[in-house]
1. So, residue 66, is that one within 60 Å of the chain's Cα centre (by Cα), open to solvent by less than 70 Å² (accessible area, probe 1.4 Å) and at pLDDT below 80 or not?
2. Quick one: residue 579 ticks every box in (1) within 16 Å of residue 625 (Cα to Cα); (2) open to solvent by 30 Å² or more (accessible area, probe 1.4 Å); (3) free of Cβ contacts under 8 Å to residues at least 12 places away in the same chain bar one, so which box is it?
3. So which strands (runs of 3 or more DSSP E) are wholly in the range 450-516 and hold at least 3 residues that are open to solvent by 30 Å² or more (accessible area, probe 1.4 Å) and in contact (Cβ under 8 Å) with a residue 12 or more places away in the chain?
4. When you go through (1) at pLDDT 65 or above; (2) surrounded by 13 or more Cβ atoms within 10 Å (Cβ to Cβ); (3) not polar (S, T, N, Q) one by one for residue 605, which number turns out not to apply?
5. Conditions: (1) open to solvent by 90 Å² or more (accessible area, probe 1.4 Å); (2) modelled with pLDDT of 90 or more. Residue 158 meets all but one. Number of the miss?
6. So is residue 391 touching a His at 6+ places or on another chain (Cβ under 8 Å), of a type in the set (A, V, I, L, M, F, W, C) and open to solvent by 80 Å² or more (accessible area, probe 1.4 Å) or not?
7. Could you check the range 293-309 and list, in sequence order, the residues that are touching a residue at least 60 places away in the same chain (Cβ under 8 Å) and charged (D, E, K, R)?
Amino acid sequence: MPYSVNISVEAPIENQIQEITYDGTEIYQPPLTLSESLAKYAQKIDFSKTNDIDIKKEASEVIDDNKSDSDSKDAFQSNLWPWDTVRNKLRSALQEVCVLADVLAIAKDKRYMVLDPVQQEPLETKSMAQIYARKKALSGAANVLLTGAERLKNSQTEAARNRSTPDFHIELLRLRQNWRLKKVSNTIIGDLSYRTAGSKYIQTGTFEVTKAEEDDRPTTPPSSPSALPSTPAVPKTNSALRVSIPSELQGVAYIEVLCQKDQENLCSANINLLGSGPPSSHPDMHWQQKLEAAQNVLFCKELFNQLAKEAVQLQAPIPHMVVGNQIMATVLPGIQLIIGLCHSTTGERKQSNSSKSEHDHVLEHSLHQLLREVHHKNTHHPFPHPATGPLGPSKKRMCAGPMAADRYELLEMTKTETLLEQIIKQAQHFFMRMRTEYVLDTIAKEVKDPLISSHWNTLNSPTQSCVKINISTHGYDALCRTPLVIHVGEKTLKCICRDGKVMHMSYEPQELRDLIFCHINQHQILAVQALAKTMGWQSLANSNHLGTGAVEPLGNASSCLLASPTGDRIIAVRCEPQSGVQVSVAHSPRTDFFPGRLVTERKWEHLGGQFRDVRLEKMEGRNFLHKMELLMASLTSSS
């Protein structure tokens, strides 16, 4: 028996290169078809040797020459033609195909031979057995149909009795109207994440929707889906579907923002605000409440993760601290901003002990708005101008070329503020506004004369506010009023005075307090001069920065000199930030003038005498200007 040789008749994987063009393109030869490959290999077969006797002789001669078994095998394999077995196989296959073609021709033409089937012995059939078998099959099919009809009838009667029983497909349709669903194999998977809104948070928000079993459905009437998921007592719902949420998204989560001073004990803060114990989900909670609570947990986790990443990357003068689920940042010297992630798996809000004051709801709302604004910008790019331009660059960057923007302006366009920087600026502005309000309210309580009224602008930005201060005297509002406008920024105050002078102050409240007191003194001097004009008195001199007298610890003293219509009375008014208002009166002619040998003319006796202080607290009058009006009137009438 000749040995068989395994050959490969497959075409090579890579074709040969036929031509290489001047540009380096390689043109390959087309692969051979199966018939061409067979013809190619068949050409290598020598069909002259058709007798098996010649092959056996050649094999016996090779075996006789080599006595050893191993040597004989090697010699036989080396001397025997390798395509010999292939030739024999192809020859036998040709013979079989020829025989098959002859058989088919005989069977088709029916001229040479007729093929008749072999007769088999007939089987004995019993008619009654067939009848019983058919009857049994029909009864089985009838039982199946009757059982299905009975179940349909029972479901229809049950639905007619209890109209409130929901249908699984109707519930699934309502679920699909509000949430993203897809079918994977035999399960229904939903998505809670904000990826379609531009979120890049890695945590997935997948949930599974299953049909609720009839044993699991409570018999209580359905509850309203408007109830909050954070309430401890969750009502039972009669729903036809069940929603399975991952354990890390169960419970209630919220972002807590606290502002406190450095003097408070930060070490006693409750760092871990996560609910202790196994996660307990409410199986009877409505699926809408459950999904909304889980999506809120995912949103809070994404927000805190982004803030923590920015806190680590930002290089602040005082480094930010990220400990557990809390972020501590310095807003102003001595004031800390704490942002914490509170996640309770028990379904109840835990009150943190990290500060005595309540958390800031405005800053928490601002944090949510900032992250939603980021999501909106990721999905809503500005339209290019012109329409053929690239999509993505802002309008400023589009106009950078025609407007000949330099490198500095281009770098300024690329700078963006992180969420943590924006919330810190808002917190700084919040403290600046609170300090300004405290200073204005304190001065308004301390100083009864003149009156200080503050008008805050209702249209403000999160980092910019404006307040207008009016200093006036009761009953003399139309006579004189001193306005002062203060722009409250993040770390500075911009004050615009009555004369248009602009002053920039720091976050220290004492600077604003000093400025208000200086404007109060100026208002008193200006109001007295305006009152003197209406009374017919003459203003001789005035100074906002008086250089005489004791040095004031705060600001400078202001003064003015007023003369009566006849010129025989002079009033000197001095306003000091600390001492208040001092009024002195001089009379003319002098009472101590005695003419003698040296001074003989009477005109010298009209020189003003010495100034005498007026005790304003003993005078009648509602306020300073009222007392000055009475004083001027009395001095005018007496003259």
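1. no
2. (1)
3. 451-456, 481-488
4. Evaluating residue 605 over (1) at pLDDT 65 or above; (2) surrounded by 13 or more Cβ atoms within 10 Å (Cβ to Cβ); (3) not polar (S, T, N, Q) leaves (1) as the failure.
5. (2)
6. yes
7. Within the range 293-309, 301, 302 meet the criteria.
A quick yes/no check of all residues on (1) hydrophobic (A, V, I, L, M, F, W, C); (2) at pLDDT below 90; (3) in contact with a Lys or Arg (Cβ under 9 Å, 6 or more places away or on another chain):
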position: 536; (1), (2), (3): no, no, no
position: 542; (1), (2), (3): no, yes, no
position: 550; (1), (2), (3): yes, yes, no
position: 555; (1), (2), (3): no, yes, no
position: 561; (1), (2), (3): yes, no, no
position: 566; (1), (2), (3): no, yes, no
position: 572; (1), (2), (3): yes, no, no
position: 578; (1), (2), (3): no, yes, no
position: 588; (1), (2), (3): no, yes, yes
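The values are calculated or read from the model by the stated rules, or taken from the named source; none is laboratory data. Because the structure is a prediction, the values reported are computed rather than measured. Every residue, glycine among them, receives a Cβ derived from its backbone with ideal geometry; neighbour counts consider all protein chains shown. Surface accessibility is based on the protein's heavy atoms, side chains included, excluding ligands, DNA and RNA. Shrake-Rupley method; radii C 1.70, N 1.55, O 1.52, S 1.80 Å.
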